[in-house]
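Quick notes on the structure that follows.
The values are calculated or read from the model by the stated rules, or taken from the named source; none is laboratory data. Predicted, not measured: the structure shown is a model, and the values here were computed from it. Glycine gets a Cβ as well: all are built from the backbone with ideal geometry, and neighbour counts include every protein chain shown.
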Amino acid sequence: MPTEKEFQIAPIVPESVIHNTKALSNLQNLTASIFGAAAGILGLESYSGFLFYFVFTILTTVLFYTIRVAPTSLKAGHAMFDTGRYFRSSYEFWAGGLFGGLAGYILTWTLFYGLVRA
Amino acid sequence: MAQLPAQTIHRDPQLFYWILFPITVVMVLTGILRHYASVLMATQPKRFDQKSIKEQRSMVHGVATRSNFHVLSAPSFRARRDYLTNAYESGAFLKDPDRRGQPPANPMTDPNAMDGMMGMMKNNMAMMIPNTLIMSWINAFFSGFVIIKLPFPITVKFKSMLQAGVMTKEMDPRWMSSISWYFLCIFGLQSVFNFILGSDNAASQMAQQMGAMGPQAGPQMFGPGVDPDKQFKTEAENLAVVEHYSVLDDVEDRLLESIKSK
């Protein structure tokens, strides 16, 4: 854990942290709604629908990591799958989107399921 | 228990056009309306006279000096501290120095204080009124219709919530009435508003409740009913106990260390 003095030598800019988190959560909200539409059109039910959501959200996060985070983060000497260069906690990066987008996913899933299987 | 065959209910497709879509569209439009209403109703920052601005800014100056002391060199920090502490203790920054030591005015009688409370009231109203209106609208026009089926099974306990107004005992709790579609919209539309209005919108009441808990502390510092003289005294004490060091202490050692390790 870095001490207070290390934070003062290399300060964290809150605006940048907010911007990064917002970019990630925007992407996750958008993809959650689109996955909901896809699951509804495919007619997935109960477990397979939730599995679909989890698999594809994790896939999105991995893609986000490989395309946006990894190139500069690996170059700067971070380990593989370490998001410390752009995000405070790696838990927030890897699992935060799962629950943030769930409500939007269920809404579009129900809507499209109802429309297609009416 | 034997596996029951899945219930199928033949629904008129007109239900979609006259119930599902109107509710969804109204929910989205209400969110947009709420966003713009809260933008319009946002209170203009008030104009203060020069003296009260001076009082506030000098307080902020003290806090900034205290929390960023590490970027100042020792002599310049000492100079700032001496200046601020002297001015705080002599009351040079006070709005009306004659009132030192008197109790602060009652916040209820201060017209400045009412503005903050009115702002909170307005926000709450902007949330409450559309919700009540829409709920009674749905209850009046659409109660008792079964419009859509959830794609995942839920327990019977949800039946009374999801099928409010539908008095059918044997029906699968997965079938939803119009009022429960309304609740689903409340929770799920946040992402839709994010695309339409940008991510720091005021459309969803969920986001508003989150936001209401966070940034309370900031403006409270100069809130009504607080004696500025006492705050200045406290700040002077806080400044006095700062143990100063600079980030540039030993910087040459750290630089050599980082070069050596490469």
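Of note:
- Cross-chain or 6+ apart pairs with Cβ under 8 Å, the stretch B:64-75 first and closer than 16 Å to residue B:232 by Cα, then outside any loop (DSSP other than H, G, I, E, B) and not basic (Lys, Arg): B:65/B:77; B:65/B:84; B:65/B:239; B:66/B:235; B:66/B:238; B:66/B:239
- Here the stretch B:19-51 is the region considered, the condition is being of a type outside the set (Val, Ile, Thr) and surrounded by 15 or more Cβ atoms within 10 Å (Cβ to Cβ), and the residue that is modelled with the lowest pLDDT is B:38.
- Taken over the stretch A:25-34, the criterion of being facing another protein chain (nearest Cβ under 8 Å) and surrounded by fewer than 18 Cβ atoms within 10 Å (Cβ to Cβ) is satisfied by A:26, A:30.
- Some residue of the stretch A:68-88 being modelled with pLDDT of 85 or more and of a type in the set (Ser, Thr, Tyr): no
- Of all residues in the stretch B:177-198, exactly one satisfies the criterion of being at pLDDT 80 or above, within 11 Å of chain A (Cβ to nearest Cβ) and not in a helix (DSSP H, G or I), namely B:189.
- Tabulated pairs, the stretch B:125-151, first within 14 Å of chain A (Cβ to nearest Cβ), second among the β-branched types (Val, Ile, Thr) and surrounded by fewer than 17 Cβ atoms within 10 Å (Cβ to Cβ), C-beta under 7 angstrom, 6+ apart or interchain: B:146/B:9
- Scanning the stretch B:32-54 for residues that are farther than 14 Å from residue B:228 by Cβ, part of a helix (DSSP H, G or I) and over 26 Å from the mean Cα position of the chain (by Cα) turns up just one, B:50.
- Among the residues of the stretch A:10-24, the ones that are without any contact (Cβ under 8 Å) to a residue 40 or more places away in the chain, more than 10 Å from chain B (Cβ to nearest Cβ) and over 30 Å from residue B:246 (Cβ atoms) come to 0 in all.
- Filter pass, residue B:16 being within 30 Å of residue B:143 (Cα to Cα), within 14 Å of another protein chain (Cβ to nearest Cβ) and free of Cβ contacts under 8 Å to residues at least 24 places away in the same chain: no
- Unique match (being in contact with a Gly (Cβ under 7 Å, 6 or more places away or on another chain) and within 14 Å of chain B (Cβ to nearest Cβ)) among A:103, A:37: A:103
- Looking across B:66, B:81, B:57, one residue alone is under 27 Å from the mean Cα position of the chain (by Cα) and of a type in the set (Lys, Arg). It is B:57.
- In the set A:108, A:83, A:72, only one residue is in contact (Cβ under 8 Å) with a residue 12 or more places away in the chain and exposed (fewer than 14 other Cβ atoms within 10 Å of the Cβ); that residue is A:72.
- Check on residue B:157, among the charged types (D, E, K, R), touching a residue at least 60 places away in the same chain (Cβ under 8 Å) and either within 19 Å of residue B:23 (Cβ to Cβ) or in a helix (DSSP H, G or I) (or both): no
- Residues in the stretch B:234-253 that are part of a loop (DSSP other than H, G, I, E, B) and surrounded by 11 or more Cβ atoms within 10 Å (Cβ to Cβ): B:242, B:244, B:245, B:246, B:247, B:248, B:249, B:250.
- Annotation: residue A:44 fulfils all but one of (1) surrounded by fewer than 18 Cβ atoms within 10 Å (Cβ to Cβ); (2) of a type in the set (A, V, I, L, M, F, W, C); (3) over 17 Å from residue B:176 (Cβ atoms); the unmet one is (1).
- Single condition residue B:201 does not satisfy, out of (1) under 32 Å from the mean Cα position of the chain (by Cα); (2) modelled with pLDDT of 80 or more; (3) not aromatic (Phe, Trp, Tyr): (2)
- Residue in the stretch A:54-68 that is under 30 Å from residue B:155 (Cα atoms), within 14 Å of another protein chain (Cβ to nearest Cβ), touching a helix residue (DSSP H, G or I) at 6+ places or on another chain (Cβ under 6 Å) and surrounded by fewer than 18 Cβ atoms within 10 Å (Cβ to Cβ) present: no
- Residue A:67 being within 23 Å of residue A:109 (Cα to Cα) and assigned to a helix (DSSP H, G or I): no
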